[in-house]
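S.K.: Before we start, here is the structure in question, set down as structure tokens.
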Amino acid sequence: MKLKEEFRRFFSLLADEIHYTAQFLRNRRGVLPGSVVQQLYVMGYKSFPIVALITFLVGITISLTSAAQLKLFGADIYLADLIGLAMIKELVPLMTGIMLAGKVGASITAEIATMKVMDEIDALRTMGVVPEKFLMAPRLIAITLVVPLLVAMADTVGVAGGVIVARAALGTPPGVFLREVFDIVTFGDFLIGIVKTLVFGWAVVGRRRGEGHDRVGRPGHFADHRAGLRFRLHLVLKRTWTSYARSTSMSVTRAKPSSAD
Amino acid sequence: MNFSLLPGRITVIVGESGAGKSTLLKALIGLSPPLSGDVYWGEERIDYESERSLAALYRRIGVLYQNSALLNSLTLYENIALPIRIHRPETPRKDEEDRVHEVLGMVGLVGADHKYPFELSGGMRKRAALARSMVLKPEIVFCDEPSAGLDPLTASGLDDLLRALQTSRGMTVVAVTHELRSICRIADRVLLLHGDGIRFDGTLPEMEKSADEYLRSFFLRT
């Protein structure tokens, strides 16, 4: 019952955000000029270093652990396939989602909660400003614009980690590695990564606004912890489902001619 | 409870914690509907479900919040200009600047327009919030605990400022407070809330003469 209520609440918040964002796109009145650009800076520019660092390290770690195993079977070139698919379809969206939840989400929660405690939300309302439009529309637009860029850059950095390990541990030339990545990864895979991260991003903005606005000051309140836990639980369930689905269909959808031989 | 506000006067709402001062204030400023009954502006009933009705109310009132409620990401100038940009976006920039500097002058903050709220003292923030509440020339200014959290000297300065603005501009002011000094300095009329209704409604001299046991004990304790 609680889960049902959570879902209902989440979709109602998201519908709210979309409604006010659509209003904002039709009529900018009631929102400060430049607020989208400011949010682009905060969500994109300021998040990129940590997203890049994490995806780079994940790329290196997976490459290092896989390279030794693949070498045993003489399947060195398949490291490129593994890194390409794993990073672009799964790990980059996952890592970017976690980073957005942790960094951007926490800052939204803190900002809205502080504004609520300091009566700023009420003040906006009594000035005739719709706080949902004033605060959330720029954020939702910014995260929609920033996610594809973040994902593209994180994909590049993650694959770069693989390139470095492949060169150092297996002696695979970067050109060969990248050609293999481009062969196996389709534009659709890249888009899937973006869509997944976008969904995470919207969830972060919607949920964190709710957390900051409604739950601040309640007994035992740990907005950050609760949202993070819920997000991780969601990811674990999703990963389990994806693994199961893949184990039943991968041999058909991802069969590849043995060009590496 | 049933009462009307006196135009051009300062009405102070007092009461113990939990008496309903903030709930009443929230109903008066359109933030939440009263649990029962209605609020009228002249002959017009405020419809809390109607955005249009609330927008009309918001254009006619200014609110000074207990925490000042200035937006920390904006400078003082931008904070004070915000209601103009929201309600009258067609206002020429020159007129906007003139009006912002005029209200800053009224509250004694000339030259602080480029500062951010976190760079100001508590008293300055309160005065800046008062300036923002007056920038659209509202018919009523509502103040929630105007002198709360200020030292006695600054609190007394703010009270004097409210009184001076009311006298010079004929503003109608409604203040919620429980500070006796403040009440004595600014109140034209005192409403004491107790239980489900208004225990006392009268002027300061009437309050001093009142034989009501609760009223006397409330102010003695305060």
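S.K.: Can you pull out every residue in the stretch B:75-122 that is in a helix (DSSP H, G or I), farther than 16 Å from B:LEU136 by Cβ and open to solvent by less than 50 Å² (accessible area, probe 1.4 Å)? Please lay out each step first, then the result.
M.R.: The first filter runs over the stretch B:75-122 and keeps only residues in a helix (DSSP H, G or I), leaving B:76-87, B:93-106, B:117-119, B:122.
Now restrict to residues that are farther than 16 Å from B:LEU136 by Cβ: B:76, B:93-94, B:105, B:117-119, B:122.
Residues satisfying the conditions are B:LEU76, B:GLY105, B:PRO117, B:GLY122.
S.K.: Within the stretch A:23-40, how many residues are in a helix (DSSP H, G or I) and surrounded by 13 or more Cβ atoms within 10 Å (Cβ to Cβ)?
M.R.: 7
S.K.: So, in the stretch A:92-118, how many residues would count as being over 15 Å from the mean Cα position of the chain (by Cα) and within 14 Å of A:LYS46 (Cβ to Cβ)?
M.R.: 3
S.K.: Would you mind stating whether A:LYS4 is open to solvent by 30 Å² or more (accessible area, probe 1.4 Å), of a type in the set (Lys, Arg), assigned to a helix (DSSP H, G or I) and in contact with a helix residue (DSSP H, G or I) (Cβ under 7 Å, 6 or more places away or on another chain)?
M.R.: no
S.K.: Run B:ASN2 past the list (1) in contact with a Leu (Cβ under 7 Å, 6 or more places away or on another chain); (2) modelled with pLDDT under 90 and report the number of the one that doesn't hold.
M.R.: Every listed condition holds for B:ASN2 apart from (1).
S.K.: In the stretch A:85-129, which residues are within 14 Å of chain B (Cβ to nearest Cβ), part of a helix (DSSP H, G or I), touching a residue at least 60 places away in the same chain (Cβ under 8 Å) and open to solvent by less than 10 Å² (accessible area, probe 1.4 Å)?
M.R.: A:ILE108, A:ILE112, A:ILE121
S.K.: I would also like to ask the following. Given the criteria more than 12 Å from every other protein chain (Cβ to nearest Cβ), without any contact (Cβ under 8 Å) to a residue 24 or more places away in the chain, part of a loop (DSSP other than H, G, I, E, B) and under 29 Å from A:THR114 (Cβ atoms), does B:PRO33 qualify?
M.R.: So B:PRO33 passes the test.
S.K.: Can I ask one more? Against the conditions (1) within 14 Å of chain B (Cβ to nearest Cβ); (2) open to solvent by 20 Å² or more (accessible area, probe 1.4 Å); (3) in a helix (DSSP H, G or I), where does A:THR61 fall short? Just the number, please.
M.R.: It fails just one condition, (1).
S.K.: (1) over 30 Å from A:PRO174 (Cβ atoms); (2) within 21 Å of the chain's Cα centre (by Cα); (3) open to solvent by 30 Å² or more (accessible area, probe 1.4 Å): which one isn't true of A:ILE50, the others all being true?
M.R.: (1)
S.K.: Collect the residues in the stretch A:130-156 that are hydroxyl-bearing (Ser, Thr, Tyr) and either surrounded by 21 or more Cβ atoms within 10 Å (Cβ to Cβ) or within 14 Å of another protein chain (Cβ to nearest Cβ) (or both), keeping them in residue-number order.
M.R.: Answer for the stretch A:130-156, where residues must be hydroxyl-bearing (Ser, Thr, Tyr) and either surrounded by 21 or more Cβ atoms within 10 Å (Cβ to Cβ) or within 14 Å of another protein chain (Cβ to nearest Cβ) (or both): there is none.
S.K.: Can I ask one more? Being modelled with pLDDT of 85 or more, within 14 Å of another protein chain (Cβ to nearest Cβ) and closer than 25 Å to B:ARG60 by Cβ narrows it down to one residue among B:ARG127, B:ARG132; which is it?
M.R.: It is B:ARG132.
S.K.: Do we find that A:ALA166 is under 17 Å from A:VAL31 (Cα atoms) and surrounded by 21 or more Cβ atoms within 10 Å (Cβ to Cβ) in this structure?
M.R.: Taking the combined requirement at face value, the residue does not satisfy it.
S.K.: Would you pick out the residues in the stretch B:42-54 that are open to solvent by less than 100 Å² (accessible area, probe 1.4 Å) and either part of a helix (DSSP H, G or I) or within 14 Å of chain A (Cβ to nearest Cβ) (or both)? Walk me through it before giving the result.
M.R.: Of the stretch B:42-54, the ones open to solvent by less than 100 Å² (accessible area, probe 1.4 Å) are B:42, B:44, B:46-48, B:50, B:53-54.
Correct list: B:ILE46, B:TYR48, B:SER50, B:SER53, B:LEU54.
S.K.: Here are some residues: B:LEU57, B:LEU25, B:LEU70. Which one is at pLDDT 90 or above, assigned to a helix (DSSP H, G or I) and under 16 Å from the mean Cα position of the chain (by Cα)?
M.R.: B:LEU25
S.K.: When residues of the stretch B:62-74 are filtered for being among the hydrophobic types (A, V, I, L, M, F, W, C), open to solvent by 10 Å² or more (accessible area, probe 1.4 Å) and within 7 Å of chain A (Cβ to nearest Cβ), how many remain?
M.R.: Adding up the residues that qualify gives 1.
S.K.: Going by the conditions given, is B:LYS94 away from chain A (no Cβ under 14 Å), in contact (Cβ under 8 Å) with a residue 24 or more places away in the chain and not aliphatic (A, V, I, L, M)?
M.R.: Here the answer is no, as B:LYS94 does not meet what is asked.
S.K.: Restricting attention to the stretch A:17-30, which residues are more than 14 Å from chain B (Cβ to nearest Cβ) and farther than 16 Å from A:THR144 by Cβ?
M.R.: Once the filter is applied, which keeps residues that are more than 14 Å from chain B (Cβ to nearest Cβ) and farther than 16 Å from A:THR144 by Cβ, the stretch A:17-30 yields only A:ARG26.
The values are calculated or read from the model by the stated rules, or taken from the named source; none is laboratory data. Predicted, not measured: the structure shown is a model, and the values here were computed from it. Reconstructed Cβ throughout: ideal geometry from the backbone, glycine too, with neighbour counts over all protein chains shown. Accessible surface is based on the protein model in full, side chains and every heavy atom, while ligands, DNA and RNA are left aside. Shrake-Rupley method; radii C 1.70, N 1.55, O 1.52, S 1.80 Å.
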